[in-house]
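The values are calculated or read from the model by the stated rules, or taken from the named source; none is laboratory data. Treat the numbers as computed from the prediction; the structure is a model and nothing was measured. All Cβ positions, even for glycine, are placed from backbone atoms using ideal geometry, and neighbour counts span all protein chains on display. Surface areas here come from the heavy atoms of the whole protein model, side chains and all, with no ligands, DNA or RNA. Shrake-Rupley method; radii C 1.70, N 1.55, O 1.52, S 1.80 Å.
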Amino acid sequence: MSTRDRLRIAIQKSGRLSDPARDLLARAGLSFRESRDRLFCYGESLPIDLLLVRDDDIPGLIADGVCDLGVVGRNVLREQALERTADGKPEAFRELRRLGFGGCRLAIAAPRDAGIDAIADLRGKRIATSYPRLLREWLDAQGIDAGIVVLSGSVEIAPRLGQADAICDLVSSGATLVANQLRELQAVLETQAVLAGPAQAFGDERADLAALLLRRLDGVLSVRNSKLVMLQAPRTALPELLRLLGDADAPTLTSIEGRAADVAVQTVCRGAVTWQRLEDMKKAGARGLLVLPVEQMLA
Ligand code: ATP
Ligand code: ZN
């Protein structure tokens, strides 16, 4: 691999992962000059450039050293990792971070009237999928001998076309399954977008850039659902309020000028701050409740 002093990240050009990926990188402080061909974007704020590609190309670009990092679904990364190791190639990728978007599952589903009600009923059946290696790995682990029909798209209509008895495809809400009279039987893989990198460490300036990016991403990811909660309350209400703030960081308590019996509380809540929770805190004696979004955090 050649020595380079700029880092190159591949993301999906257009699709489910493109906007969240760009948004995440922007939150980590990365900005880019858009190029006319919309394939390569030069990094302005840091020496980190973007390559806009099809998601399926991302693992290969990393393995070939064309890109250093990539934002890709675990489903695509694992499938291609299995493909490479089956060809006798060494482990090429590492999943560096889970990114918290693009969540769905690779699941087996069958037509409602096909008599496939349990996974054992898949024996001897044909299952259509775009993820043959992940499916085969799962079937082998279950000791189920079934045929795999590889399709690159429109997997959900394969049973109706008589190409297969069941399917193994990505599912999030399940609406596509319902629309095609399919019933989910079993999840094979839980997936989400991940930041992928090569199995081998970078031996040059890219190592420092990748470490910087990971630190920033950790800051962004750790505050994604966090809220800053501020309130005032009688000191006697504190034990109950601290219980209600159970998932919060150690709170900062400040005395209030001229009101010795009261205290101001400030803390970062990691979980959802629901209306119910706020109402419970108010009932416990809290006043002036403020809930603010957290933009950045450097631990
Ligand atoms: P490309 O043109 O880049 O090849 P694509 O059609 O393969 O696009 P998308 O449909 O945008 O890709 O899906 C990209 C990724 O989004 C999937 O690999 C998966 O990780 C994730 N994803 C999340 N929810 C779903 C879903 N309901 N269906 C399909 N993919 C989903
Ligand atoms: Zn794709």
Report task. Please report the orientation-averaged projected area of region 245-299, defined via the convex hull of its C-alpha atoms, in nm². Result -> 4.7 nm²
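How big is the dipole moment of the chain about its Cα centre under a simple scheme where the beta carbon of each Lys and Arg is +1, that of each Asp and Glu is -1, and everything else is neutral? Debye, nearest 20, please. Can you show the working numbers first?
Details: 40 positive and 40 negative charges, 129 e Å.
Once rounded to the nearest 20, the dipole reads 620 debye.
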Query - Three-way shape label, region 184-299, alpha-carbon gyration tensor, a/c 1.5 - result: oblate
Query raised in the report: Among the lysines, which have Cα under 20 Å from the Cα of Lys282 when same-chain residues fewer than 8 positions away are ignored?
Result: Lys227
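Looking at region 138-204, what % of the alpha carbon pairs are farther apart than 13 Å?
Working: 1627 of 2211 pairs.
Result: 74 percent of Cα pairs exceed 13 Å.
Considering only protein heavy atoms and a 1.4 Å probe, what is the carbon-and-sulfur percentage of the accessible area of the chain? Don't skip to the answer; put the middle values down first.
Details: 7800 of 15730 Å².
About 50 percent, which is the carbon plus sulfur part of the accessible surface.
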Query raised in the report: How high is the FRET efficiency between Asp204 and Thr252 when r is their beta carbon distance and R₀ equals 51 Å, given to the nearest 0.05?
Result: 0.75
Query raised in the report: Considering amide H positions built from the backbone, and no H for Pro or chain starts, which residues 5 or more places from Leu189, or on another chain, come under 5 Å of its amide H?
Result: Leu106
Requested in this report: Skip the ligands, DNA and RNA, and give the accessible area per residue of region 104-191 with a 1.4 Å probe, whole Å².
Outcome: 48 Å²
Report summary line: For region 1-118, Rg(Cα) over 2.2 N^0.38 Å is 1.27
Query raised in the report: In what order, largest first, do Lys283, Lys13, Lys227 sit by accessible area if the probe radius is 1.4 Å?
Result: Lys283, Lys13, Lys227
Report summary line: Its Cα gyration tensor gives the chain an equivalent ellipsoid whose semi-axes in whole Å, largest first, are 43, 30, 16
Query raised in the report: What lysines could a cross-link reach from Lys89, if we take a straight Cα to Cα line under 25 Å and drop same-chain neighbours fewer than 8 places away?
Result: none
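Given the chain, what percent of its DSSP beta bridges are antiparallel, to the nearest 5? Intermediate values should be presented prior to the final figure.
Values: 45 of 60 bridges.
About 75 percent, rounded to the nearest 5.
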